Amino acid sequence: MMNLIGKSLNKLIKDNNINFDNKEDIRDIEFTKDYTKNINLIKERLGKSDDLSFRYFDISTIPRTKAVVIYLDTLIDDNIFQTSVLNPLINSLAQKSEEERVYFKSNINTLIKQTLSNSKISFITNLNKAIDQLLAGNGILLIDNTPYVVSLNISTVISKDSTEPKTEKVVKGPQQGFVEDITPNCFMIRKRIKSPDLVFKTVNIGRVTNTELKVVYIDNIVNQSIVEELLIRLNRIDTDGPTGSASIEEYISDNPTNLFQTTFYTERPDRVQSLLLEGRIAIICDGTPFVIIVPSIVSDFFISMEDYYESPYFASFSRLLGYSGALVLTFLPAIYVAVTTFHQEVLPTELALTIAGARSGVPYPAFVEAMIMEISFETLRQAGTRLPTHVGQAVSIVGALIIGQSAVEAGIVSSIVVIIVAMTAIFSFTMPYTNFVLSLRIVRFLMLILAAVLGIYGIMTGLLILSLNLVSLRSFGVPFMVPFAPTSFKEMKDVVLRMPQWAITERSNYIVKENVVKTRKNLKPSPPSDEERRYKP
């Protein structure tokens, strides 16, 4: 019986991720009159993050009183801090009479209420409540020989600037994106994750530019060995200065010469929030709106944040279209060339006659006409990207229509090739992130060459080489193709299909080693039980 109770208790602890080693889980901590001890309590809880700041000063009482304001510099407004806190306690108080200053020395509570009357203040005796105030953007005033702290409303009044994401648009989700200034980008992440375990580490790179980077992670979730390896790689960079996040990626990538990138980037704060909660690490670079995410896996390039703002059925359908688009983009032109050149017998008679009729009068083999159209379309796409937005769209659409129709009428290419190239282009837009698409666009040309030389056997050879290359990739030691290779059906709940949120209970074992549980089990919506009805929080 005792064994059964013990097993049940262990299962409850495991399912709910309870950690009894952390004393803060089972008791509250109160502040004391020990000024140094109070400071150390906050340092122990938030001291790993570089954005935790301390402003030491003396309050102008007689005799002077030691004090410190603790705050997160990514959340506060420096002007409000200076005018509503420091000036009243130092300069304004110094102008009062000697009797008043002596009186305030023994009546700190009265001093705070009268001197900081323009600031919204509250007195706090509990450490956890003080931490919550810090994470909300307020400052914490600690005064010597005082068993409480004072919460100061010095958070930024005006919302930090943000722009709508240009490469990751959604219909129902937030329309907030990162900007080119690192401070508001850190602000957006802090506002979304109000956890004392959220850590910002500062790294400066560039002998000339001294570019500031912020390495962001959740301390009690992330794999610490990956954090250490990333910091080593960043500190190893010795150059005049990075030109942006893309150059940082090249210095820290596991496979810098590989066609496929093993780092991921995003300009959406909600995507960074989601990935940090999965145990990833974000790298914010000053001067660019794109945040690097490591380690990355192949499914990152097929998952859009809009999947989580739509129903699981529609999101799963969208992801299947994305994976299908990758296959069509890579292999459809090559299959056309292989079948029409070497394997006409696999086609139905009617379709073979239709293709032969369409190609009659075309002076080039299928491979050449496919290459002509593919190169023409890539040129138009590149021109549309370089030109201003409205002009570029017109050039891409009108140019493709005119050139395609003119090429068919002139007998340079067949109408079937135009259809194949158009389908390839349309399917390439079903994938939400362009950097993986760019790699597949290059692979498509290699597949075309192999198909022209060896037919279907060339495509199979190319598929084998491509698969071996992808399986061999690592991102900070994490297999790039997980959960496909190595195969993990348990981790496919949010990869190929999008299961309901209550069904996705664990993080990837390949990325996170210890804190795997992220959602308690058995949260499927259902009518409340009688016991739940009796419980009143």
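The values are calculated or read from the model by the stated rules, or taken from the named source; none is laboratory data. Owing to the predicted nature of the structure, the values given are computational and were not obtained by experimental measurement. Note that each Cβ is placed from the backbone with ideal geometry, even for glycine, and that neighbours are counted across all protein chains shown.
Before moving on, here are some points about what is shown:
- Test: residue in region 516-536 that is within 19 Å of the chain's Cα centre (by Cα) and farther than 17 Å from Tyr308 by Cα: yes
- At least 3 residues being within 22 Å of Leu450 (Cα to Cα) and at pLDDT 85 or above is the threshold, and among the helices (runs of 4 or more DSSP H) wholly inside region 298-396 those reaching it are 312-341, 366-386.
- Helices (runs of 4 or more DSSP H) contained in region 65-170 and holding at least 1 residues over 30 Å from Leu213 (Cβ atoms), touching a residue at least 24 places away in the same chain (Cβ under 8 Å) and of a type in the set (S, T, N, Q): 108-115, 127-135
- Scope region 471-502; condition more than 22 Å from the chain's Cα centre (by Cα) and either more than 12 Å from Ile297 (Cβ to Cβ) or hydrophobic (A, V, I, L, M, F, W, C) (or both); matching residues: Val471, Ser472, Ala485, Thr487, Phe489, Lys490
- Conditions (1) at pLDDT 90 or above; (2) closer than 23 Å to Met305 by Cβ: number failed by Lys493: (1)
- When Ile193 is tested against the conditions (1) under 15 Å from the mean Cα position of the chain (by Cα); (2) more than 14 Å from Cys285 (Cα to Cα); (3) crowded, with 18+ Cβ neighbours inside 10 Å, the lone failure is (3).
- Boolean, Ile76 is within 15 Å of Gly139 (Cβ to Cβ) and modelled with pLDDT of 90 or more: no
- Residues (more than 20 Å from Leu72 (Cα to Cα) and crowded, with 18+ Cβ neighbours inside 10 Å) located in region 117-151: Thr146
- The residue pairs whose first member lies in region 514-529 and is under 27 Å from Arg280 (Cβ atoms), whose second member is among the hydroxyl-bearing types (Ser, Thr, Tyr) and at pLDDT 85 or above, and whose beta carbons are closer than 7 Å, counting only pairs six or more residues apart or on different chains, are Val517/Thr505; Lys518/Thr505; Thr519/Thr505; Lys521/Thr505.
- Any hit, region 177-190, residues being of a type in the set (A, V, I, L, M, F, W, C), within 21 Å of Asn435 (Cβ to Cβ) and at pLDDT 90 or above: yes
- 3 or more residues under 27 Å from Leu134 (Cβ atoms): qualifying helices (runs of 4 or more DSSP H) within region 178-278: 182-192, 224-236, 269-276
Residue-wise test of (1) modelled with pLDDT under 95; (2) more than 26 Å from Arg233 (Cα to Cα).
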{"position": "Asn435", "(1), (2)": "yes, no"}
{"position": "Ala451", "(1), (2)": "no, yes"}
{"position": "Val482", "(1), (2)": "yes, no"}
{"position": "Thr487", "(1), (2)": "yes, yes"}
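- Residue within region 491-512 that is among the β-branched types (Val, Ile, Thr), surrounded by 14 or more Cβ atoms within 10 Å (Cβ to Cβ) and free of Cβ contacts under 8 Å to residues at least 60 places away in the same chain present: yes
So that you can scan it fast, the table gives a plain yes or no per residue for (1) part of a helix (DSSP H, G or I); (2) touching an Asp or Glu at 6+ places or on another chain (Cβ under 7 Å); (3) crowded, with 18+ Cβ neighbours inside 10 Å:
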{"position": "Ile416", "(1), (2), (3)": "yes, no, yes"}
{"position": "Ala422", "(1), (2), (3)": "yes, no, no"}
{"position": "Met431", "(1), (2), (3)": "no, no, yes"}
{"position": "Ile459", "(1), (2), (3)": "yes, no, yes"}
{"position": "Gly462", "(1), (2), (3)": "yes, no, yes"}
{"position": "Pro486", "(1), (2), (3)": "no, no, no"}
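- Every residue from region 81-109 that is of a type in the set (Asp, Glu) and surrounded by 13 or more Cβ atoms within 10 Å (Cβ to Cβ): Glu100
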